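Novice: What follows is a single structure, and I will ask about it in a moment.
The values are calculated or read from the model by the stated rules, or taken from the named source; none is laboratory data. For clarity, every value in this text was computed on a predicted model and none was experimentally measured. Glycine also receives a Cβ, built like all others from the backbone with ideal geometry; neighbour counts cover every protein chain displayed. Areas reflect the complete protein model, heavy atoms only, side chains present, ligands, DNA and RNA absent. Shrake-Rupley method; radii C 1.70, N 1.55, O 1.52, S 1.80 Å.
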Amino acid sequence: MNTHSNVFMKTPRFGVLSYYNVYSFYIEPIIFTAKNEFGQLFFCYSLGIEDRDDVWIVIPVSQDLVHRLEQKEIPVVKMIKQSKTSRVFLVKVDLETLEATETEVFSKSLKYQMPKDSYFIRENINYDGSREHTHKIRIASQQRKQIPSGVLDRASEAFGDFCRHYLKKFGIAVSIFSLDAIRGSFVYRVHAIQQRDDKSPDFTVAGYEYLSRINAKDKFVTSLEDREIDLRIVRKLFDIISKHDLKIQFIEESSTASIVDLTPDYVNGLMSTIDENLNKYLDSTMVPQADNLDTLKRYLTVLDDEHIVTAEKLGVVPRQVSYYRDACEMLGLVHEYSKLTPIGIKAKKSDEKDFIKIIKHQFENSDCGYMWMNAEGVEDILEIDEASGADFLIQRCNGLSESTSRRRAQTLKSWVLKIKEFS
């Protein structure tokens with residue numbers, strides 16, 4: 001009985017019960033979870049009006065059981081009849097006095113019509129406004145086996161990156177923050193926040209529509225071919241799903257609708273298309289923007305000798321430090337964890353001529369260098385026209401505007417000129 005604000009009812013045994021998550025309405029909530037003033041959870045199910053009483057089933061429940069209901073692992077009736085010996089409280093509220101009386105009974109002895117086994121929740125409205133998460137990322141093993149925590153973390157992170165980059169292409173800036181993981185389940189509760197202005201599309205309308213294309217093979221293939229997403233981010237996510245036989249869902253908490261639903265069979269059917277497109281297009285992260293090869297060698301020296309590279313030590317402005325780090329990683333000179341690779345150590349110790357030979361070899365075997373040579377129909381970087389870099393990036397690079405492509409092409413030009421100078 002909603003007599004004041006968020007309050008449902010007050011009983012001698014349970015105290016003051018307030019609405020928490022609501023699963024079904026009929027004028028007022030009729031199937032929901034409630035909390036008392038001590039934070040204890042209760043499942044509440046309306047049995048309707050009987051004589052002059054409002055009749056309810058009220059059951060103290062665990063958070064784990066509620067999670068199973070909200071994840072659609074169990075039907076509504078399993079909250080009431082949890083086992084053959086489970087007990088529930090039949091609560092009758094006098095409609096005139098609003099006094100509640102409770103009777104503990106065996107659930108199997110209830111004479112009321114119960115929901116069918118096929119009845120699962122279809123919405124989950126947070127009535128008291130206390131819920132911080134907006135969505136869930138649910139990860140399941142198709143083989144129903146334990147998933148290592150490291151795999152779960154990588155899958156969740158890769159999926160978040162995937163959604164953010166895909167939506168960004170359509171002008172929808174969404175940040176997905178992981179709040180916590182549900183104990184006993186492979187579910188991350190997340191909060192999706194949109195940075196929106198008057199011109200950007202609404203995430204819950206247009207964003208859901210774009211994300212739903214991922215589930216439709218023909219539409220998603222078109223998105224891949226139109227370069228509407230970073231192909232390597234897609235490949236990374238799909239590789240995790242395929243390798244570990246995972247199913248990943250992105251679920252809206254309120255509607256309980258699955259916005260994205262990726263399975264191993266589905267992603268395996270797209271791998272050849274993704275790999276084919278990967279051989280045609282670069283992503284912006286694969287194009288260097290560290291113009292000076294002398295400074296690049298200095299980066300190797302400072303990193304190896306002092307372990308930390310600062311703008312002052314490198315002689316550049318702060319933002320350029322990351323440019324040189326990325327270029328060294330792209331050339332295979334530095335590991336992701338900021339330590340020189342064997343070829344990086346060799347490059348650091350080489351004289352200038354041998355250093356340039358190493359750069360030439362590493363660049364020719366990088367995605368960017370190889371695809372540039374292939375586009376120009378040459379087999380040696382020395383044969384390439386350094387002025388062709390801008391057109392190459394405009395035509396073949398995903399994620400760069402024309403002006404940015406022309407600016408990045410200056411790096412390609414400077415590298416080729418330096419390589420030709422020592423050849």
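Novice: Can you tell me the accessible area per residue over the chain, all protein chains present, probe 1.4 angstrom, in square angstrom? The partial results should precede the final answer.
Specialist: Values: 21650 Å² over 423 residues.
I get 51 Å² per residue for this part.
Novice: Which semi-axes, in whole Å and largest first, does the equivalent ellipsoid of the range 294-423 have when worked out from the alpha carbon gyration tensor as the square roots of 5 times its eigenvalues?
Specialist: Values: eigenvalues 125, 62, 32 Å².
Listed largest to smallest, the semi-axes of the range 294-423 are 25, 18, 13 Å.
Novice: Tell me the relative contact order for the range 224-301 as a rounded percent, counting alpha carbon contacts under 8 Å between residues six or more apart. Each step should come with its number before you reach the end.
Specialist: Values: 55 pairs, mean separation 22.5, N = 78.
Reported as a whole number, the value is 29 percent.
Novice: 222 nm [θ] for the chain, helices only, -39500 (n - 2.57) per DSSP H run of 4+, per residue, to 500?
Specialist: On the way: 16 runs with 163 residues, N = 423.
Result for the chain, helices only: -11500 deg cm²/dmol.
Novice: So if I place +1 on the C-beta of Lys and Arg and -1 on the C-beta of Asp and Glu, and nothing else carries charge, what would the dipole magnitude of the chain be about its Cα centre? I want it in debye, nearest 20.
Specialist: Numbers: 57 positive and 63 negative charges, 188 e Å.
Once rounded to the nearest 20, the dipole reads 900 debye.
Novice: Taking the Cα centre of the range 144-195 as origin and charging only Cβ (+1 Lys, Arg; -1 Asp, Glu), how large is the dipole, in debye to the nearest 20?
Specialist: Details: 8 positive and 4 negative charges, 36 e Å.
The dipole magnitude comes to about 180 debye.
Novice: A further question on this structure: Which of the chymotrypsin sites (Phe, Trp or Tyr not before Pro) across the range 355-399 are loop residues per DSSP, with 12 or fewer other Cβ within 10 Å?
Specialist: Numbers: sites: 355, 363, 370, 372, 392; in loops: none.
Answer in residue order: no site qualifies.
Novice: Further question on the same structure: Please compute the alpha carbon radius of gyration of the range 224-298, then divide it by the globular-protein estimate 2.2 N^0.38 Å. Two decimals is fine.
Specialist: Values: Rg = 17.3 Å, N = 75, 2.2 N^0.38 = 11.3 Å.
That works out to 1.52 for the range 224-298.
Novice: Looking at the P(r) of the range 10-65, how many percent of alpha-carbon pairs lie beyond 16 Å? Don't skip to the answer; put the middle values down first.
Specialist: Values: 639 of 1540 pairs.
Percentage above 16 Å: 41.
Novice: Could you tell me the distance between the Cα centroids of the range 229-308 and the range 137-196, to the nearest Å?
Specialist: Taking the Cα centre of each part, the range 229-308 and the range 137-196 sit 15 Å apart.
Novice: Of the listed peptides 297-304, 384-391, what is their order by residue-averaged count of other C-beta atoms within 10 Å, with the highest listed first? Don't jump to the answer; show the numbers that get you there.
Specialist: Working: 297-304: 20.1, 384-391: 16.9.
Final packing ranking: 297-304, 384-391.
Novice: So, one more: Roughly speaking, to the nearest percent, how much of the range 264-423's 1.4 Å accessible area is carbon and sulfur?
Specialist: On the way: 3580 of 8150 Å².
The C+S portion of the solvent-accessible surface of the range 264-423 is 44 percent.
Novice: Another question about this same structure. Looking at the range 184-238, I'd like the Rg to Rh ratio, where Rg is from alpha-carbon atoms and Rh is Kirkwood's inverse mean 1/r.
Specialist: Details: Rg = 14.0 Å, Rh = 13.5 Å.
Value, to two decimals: 1.03.
Novice: To the nearest µm²/s, what D does Stokes-Einstein give for the chain at 25 °C and 0.890 mPa s, using the Kirkwood radius over alpha carbon pairs as Rh? Walk me through the intermediate numbers first.
Specialist: On the way: Rh = 25.9 Å.
Estimated via Stokes-Einstein, D reaches 95 µm²/s.
Novice: I need to check one value: relative contact order of the chain, counting alpha carbon pairs closer than 8 Å and at least 6 residues apart, in percent. Spell out each step's value before the answer.
Specialist: Details: 660 pairs, mean separation 43.4, N = 423.
It rounds to 10 percent for the chain.
Novice: Roll a 1.4 angstrom probe over the protein heavy atoms and tell me the percent of accessible area of the range 159-260 that is carbon or sulfur. Mind showing how you got there, number by number?
Specialist: Numbers: 2260 of 4800 Å².
With neighbouring chains kept in place, the figure for the range 159-260 is 47 percent.
Novice: Classify the range 76-159: rounded, prolate or oblate, from the alpha-carbon gyration tensor (a ≥ b ≥ c, eigenvalue square roots; a/c under 1.5 rounded; otherwise prolate if a/b is larger than b/c)? Numbers along the way, then the final one.
Specialist: Values: a/c = 3.23, a/b = 1.87, b/c = 1.72.
Note, shape of the range 76-159 comes out prolate.
Novice: Over the Cα atoms of the range 1-99, what Rg and Dmax result, in angstrom?
Specialist: 13.1, 39
Novice: How much of the accessible area of the range 74-156, probe 1.4 Å, is carbon plus sulfur, in whole percent? Kindly include the intermediate steps, with their values, before the conclusion.
Specialist: Values: 2380 of 5120 Å².
Percent of accessible area from carbon and sulfur atoms in the range 74-156: 46.
Novice: Also, quick follow-up: Taking each pair of distinct Cα atoms in the range 151-289 once, what is the resulting Kirkwood hydrodynamic radius in Å? Can you show the working numbers first?
Specialist: On the way: mean 1/r = 0.0634 Å⁻¹.
Every distinct Cα pair counted, the radius reaches 15.8 Å.
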